[in-house]
Structure formats: structure tokens, C-alpha cells
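**Q** Just dropping this structure here.
The numbers here are math on the coordinates, done by the rules we state, and not lab data. In this text the structure is predicted, and so the values were computed from the model without any measurement. Reconstructed Cβ throughout: ideal geometry from the backbone, glycine too, with neighbour counts over all protein chains shown.
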């Protein structure tokens, strides 16, 4: 049996691989990689806390990875191609791979918001950013960001 852990005791990742000026929107985001603790290889699980005013990411979609979000505490606003949608505790949303609906979560409230995010782990995945000059390509289990034309940052 795997040794159980207390999720909030795990270290939070607050940095992003986004280059300046794209990184500023993610200040106040803290992710705990729960799946990594158990060496999961087929899907990832993150416990994420967004401070007021923070975003989960820039609007993006994945070619080969599904994503699922379940809100635990607080409220976040989902921003996608259809507009804005308020998500409150107990609500969930999913994003199927290869559907080009750029999405992100934004905390527009005055209190922190906490949610679980679950996603496929696909080598070679590409994430597209419709509103930013970024393309993310997964190689060796990690994303590498370039400009949309493929030139490195």
C-alpha cells in the first residue's frame, strides 16, 4: 500500500514556465502535485489554490490531454470560447483533448479558491494559447515553451 499523505503538507509550486510578460497573471497560484507523490504516470492530479486576482493559466487547449477540474472551496470564473462561467464548490468541468476551446480559471473573488485538477499525461502533447504568443510542447515529461512560430524564448 502507498503511504497516505496530507495534501497541504506537500510543497507548493508557485513558479511558472511562462516567460515574461505572461508570468505575471499567475502570481498567487500555488499547485501541489499530488499524483507525483505516488509516481503516477498515466494521469496527474494537482491541488491548486488561486489567490484573489490570480489565474490558473493563460487560455489554452491541449492536443492530446484531457483535463478535469473540481472546485473544493471558494469560487473561480471559467473563461473559455463561450464566455465566462462562475464555478462554486461542488461544481466541475472537463476539457476533452483536441477540442480547440481555450480555457483558464480566474479568481475574481476576494477570497482564495481551491480546486483539484486532473489530466492525462501524454508525451508529445502540444498546448495552444489562442491569446498569447506561446506554444507548449511536452518532451521528456516536461513542457517547453516557444513562440507560436517555434522560435525559443
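**Q** Going 7 Å from the Cα of residue 72 along its beta-carbon direction, which residues of the stretch 11-50 have the amide nitrogen within less than 17 Å of the resulting point?
**A** In the stretch 11-50, the label zone of residue 72 (backbone N under 17 Å from the point 7 Å along Cα→Cβ) covers 11-14, 29-38, 44-50.
**Q** Run the numbers for residue 12 and residue 36: contour at 0.36 nm per residue of separation, minus the present Cα-Cα distance, in nm.
**A** Taking 0.36 nm per residue and subtracting the Cα distance, the gain is 7.4 nm.
**Q** Decide, for the stretch 30-74, between rounded, prolate and oblate: order the square roots of the alpha carbon gyration tensor eigenvalues as a ≥ b ≥ c, take rounded if a/c falls under 1.5, and otherwise choose prolate if a/b is larger than b/c, else oblate.
**A** Oblate, since a/c reaches 1.5 and b/c is not below a/b.
**Q** I'd like the distance between the alpha-carbon centres of the stretch 1-59 and the stretch 101-151, rounded to an integer number of Å.
**A** Answer, in whole Å: 12.
**Q** How much length is gained on full extension from residue 24 to residue 123, taking 0.36 nm per residue of separation minus their Cα-Cα distance?
**A** Full extension from residue 24 to residue 123 adds 32.9 nm.
**Q** Also, quick follow-up: Tell me the mean residue ellipticity at 222 nm calculated for the chain from its helices only (DSSP H runs of n ≥ 4, each -39500 (n - 2.57), averaged over every residue, nearest 500).
**A** So the calculated ellipticity at 222 nm is -500 deg cm²/dmol.
**Q** Which value in nm describes the separation of the simple spin-label points at residue 51 and residue 1, placed 7 Å from the Cα toward the beta carbon?
**A** Computed distance between label sites residue 51 and residue 1 equals 3.8 nm.
**Q** Continuing with the same structure: For 56, 64, what ranking results if the residue with the fewest other Cβ atoms within 10 Å of its Cβ goes first?
**A** 64, 56
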